[in-house]
Amino acid sequence: PVITLAMGVVWATELLLLLTLSSALRTIAVCVPCTRVQPHGIHTTQSAVPARHPSLCRVRLAGSCARSCGMRMQLDEESGSSSVQAPVQEGYDAEQITVLEGLEPVRKRPGMYIGSTGSRGLHHLVYEVVDNSVDEALAGHASEIRISLHADGSVSVSDDGRGIPCDVHAKTGRPALETVLTVLHAGGKFGDSGYSVSSGLHGVGVSVVNALSERLTVEVMRHGQRHSMSFARGKVTSEMTTSPLEDEPDSPASARSGTAVHFTPDGAIFKSGVVFEAERLSQRFDEHAYLNAGLRLVLVDETLPGEPREQVYEHRGGIAEYVNHLCEGKKPLFDDDGGTFTSASSLKGVYVDIAMRWNAEVYSDNLLGFANGVHTPNGGTHIDGLKGAITRVVNSVARHTGKLREKAASLPGEFVREGLCAVIAVRLPEAEFEGQTKNRLGSPEVRAIVSELLSHYLTDFLTRRPKVLSAIVDKAQAAAKAAEAAKAARELVRRKSVLGSSVLPGKLADCSSSDPALSEIFIVEGDSAGGSAKQGRARETQAILPLRGKILNVEKAHDASMYQNAEVQALITCLGLGIKGDDFKPSQLRYHRIILMTDADVDGAHIRTLLLTFLYRYKRKVVEEGYVYIAYPPLYKVRHRSRTSYCYSDAQLDERLGQLSGKPAIQRFKGLGEMMPAELWSTTMNPKSRILKKVTVDDAAQADRMFSILMGSNIAPRKQFITDHAGSLDWERLDL
């Protein structure tokens, strides 16, 4: 009994790890083969299906996970939208030229301003309003922002800043409040008399929120007066009214100021539904609190049953606290200042704030960049300046102090940065971003400024702390030796990749199609499941790769061990992943759908977690760009008279049994090997009827942190995490 209980705790722990990783990785329901995401419920469509696919595609479940694993199913609005081209006009003259005035362009082409009309664009409305309040905080005029998600689908955002000006605007002849809300690119972030820096990414501001809202009301407290105004779909519905503020015991009217915006998104624009996710907003607000030490953000969720839930985001430790948060579960390389050190300085009008920490037993770096409060996931000139300065200074000081011999080769940057976690936040006027998504800072002057400021600080810091320098250099040299040890195995993988299918592992049952866009591979556990999958598959487009047991946990392994592991080698070669660290090239992938198909028990969940860890750590872009999917086989087979149905969750089983009379026969599938090939095909592999969940990264920093906590070698944070979340498990329905 003791052994059984201990094994049960282990299995429960593994399931909990998967649940948490699943929440860190965003998942969406996808209809394959057309890869079109379907709306909630059963849906059939013809218009969006390519000609080479069947005329109907079905996804039987969306909105919530079909299984009891806890993973949430989201709709990917960007790939789910469809359009039909209008017939080409025979005549083309002045009558075909359309002039859009005011906010009409926004309602005509909303995707140009907020990215999409799905969930991402919907949440962008909140970001735009909150970013205006954050700009007030950046300018030193606001200390608290309050965001409320109301049960009717509306949102309120209020701050204690200066309040939007309400006097008459010289150019428009209308109140400045109305101008800000009805004129594109109107606001304090344009020109040099408002904000010196702004977090506004697209510069579209609250006017776009107004245009895409069914209703919007704004209230401004300023100079002892209250100003109010209402709008509908960008049009004024009530002119600005002004009334005096009344004194309060602890707050005289003249001392109170701020802006409050209450808006309801237009359901005619956001056709996939107006449903805000508190968790998605939470990540953004937490980031703001870290980047603006002392700023307090309060999120109130009134959409759930019961009392409203309130979450406060306030981090007085700033980005140093952020780095420690990201490094939770990791052991610092040295103990000075808790392992984390910071630099804050400015040059030529550019303010640079950096926090850094090297970690032991971590074999990659994690660098996060922000420009004017905006996360730049693709890096940019601020990250380039950071990397260059660290590599140059560590080598220079190491030579000067004798830690590195004068004639010895310089330590490459990738080895110097091994184990480094750093956050850099720059603030500058007129920041330039690259690409339409603006995920990379392009301002050329920032590279030199960051490099100069960090070089001065780091040179002084490392010169005064030789033990810190020694720890960094020793780790870099160990990384170089490990890389040399892994070279032979890495070259073997490289040769296999070049030679192609002639050296593919014998256990791989490849598909006959040579087009990666049409091909998919199912990664299954064991020969039993592999046998059923091989017999039931569509041989033209579906490949099967069986694994023997649990693969190596790469979170705890160095590259040398990883390349020498047979199962990992098979994955790298079969998938066409190339070499770790090399640029990701989609053209090298052998399959554009990598489907993890494991058993519906905790062992299967653990294998799935190990595979996700490997893919995320080895070639993160494969996950980020949407090539990884999770297959969901049914949990139950229900036979009633002459009919057979399948249930994908306990709730679905309860619902099905409630619809049937008598005593139907129920079979609980413990593993894929128990299913006949035809059953496995019809329920889990058939593109017309299966359920797939596409795995994407919603928050890279949070995903990185959770992989480290749950799969790393440091036990204490994982133990604490399990203790904190054990109460969320449904022990009665847990498979042990």
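When the chain is fully extended, how far beyond the present Cα-Cα distance does residue 251 get from residue 639, taking 0.36 nm per residue of separation? The partial results should precede the final answer.
Numbers: separation 388, 0.36 × 388 = 139.68 nm, distance 7.01 nm.
Once the chain is fully extended between residue 251 and residue 639, it gains 132.7 nm.
Taking residue 693 as the anchor, which lysines have their alpha carbon closer than 20 Å to its alpha carbon, excluding any fewer than eight residues away along the same chain? Here the lysines satisfying the reach criterion relative to residue 693 are 619, 621. Amide H contacts of residue 145: 296, 297, 298, each under 5 Å away and 5 or more positions distant or on a separate chain (H built 1.01 Å from N in the peptide plane; Pro and chain starts excluded). Using the alpha-carbon positions of segment 322-482, Rg (one decimal) and Dmax (whole number) come out as 15.5, 48 Å. Highest mean first, the peptides 576-587, 549-560 sorted by other C-beta atoms within 10 Å per residue fall in the order 549-560, 576-587. Working note: Karplus 6.51/-1.76/1.60 with θ = phi - 60° gives segment 527-542 the couplings 6, 5, 5, x, x, 5, 5, 5, 6, x, 6, 8, 4, 5, 10, 10 Hz, where Gly and Pro are set to x.
Give me the net charge of residue 308's neighbourhood, meaning all other residues with Cβ under 9 Å from the Cβ of residue 308; Lys, Arg count +1, Asp, Glu -1.
Details: positive: 309; negative: 301, 302, 307, 310.
Spelling it out: positives minus negatives among the neighbours equals -3.
Ignoring aspartates and glutamates fewer than eight residues from residue 348 along the same chain, the ones with Cα atoms less than 20 angstrom from its Cα are 192, 384, 430, 432, 445, 452. Here the Karplus relation 6.51 cos²θ - 1.76 cosθ + 1.60, evaluated at θ = phi - 60°, turns the backbone of segment 260-274 into coupling constants of 10, 10, 10, 9, 10, x, 7, x, 6, 8, 9, 6, 7, x, 9 Hz, with x for every Gly and Pro.
Placing a label point 7 Å from the Cα of residue 724 along the Cα-to-Cβ direction, the residues of segment 306-336 whose backbone N falls under 20 Å of that point are 309-332. The H on the amide N of residue 266, modeled in the peptide plane, is under 5 Å from the matching H of 213, 214, each at least 5 residues off or on a different chain. Ignoring lysines fewer than eight residues from residue 550 along the same chain, the ones with Cα atoms less than 18 angstrom from its Cα are 507, 670. Residues whose amide H falls under 5 Å from that of residue 629, counting only those 5 or more places apart or on a different chain, are 594, 595, 596, 695, with hydrogens built in the peptide plane.
Count the net charge of all other residues whose Cβ sits under 12 Å from the Cβ of residue 427, scoring Lys and Arg as +1 and Asp and Glu as -1. Around residue 427, the charge tally is -3.
Remark: segment 290-302, residue by residue, has Karplus-estimated 3J(HN,Hα) of 5, 6, 10, 4, x, 6, 10, 10, 10, 10, 10, 9, 9 Hz, where x stands for each Gly or Pro and the curve is 6.51 cos²θ - 1.76 cosθ + 1.60 at θ = phi - 60°.
Taken together, the values in this text are just the output of simple stated rules run on the coordinates, not laboratory data. Predicted, not measured: the structure shown is a model, and the values here were computed from it. Here Cβ is always computed from backbone atoms with ideal geometry, including for glycine, and neighbour counts include all displayed protein chains.
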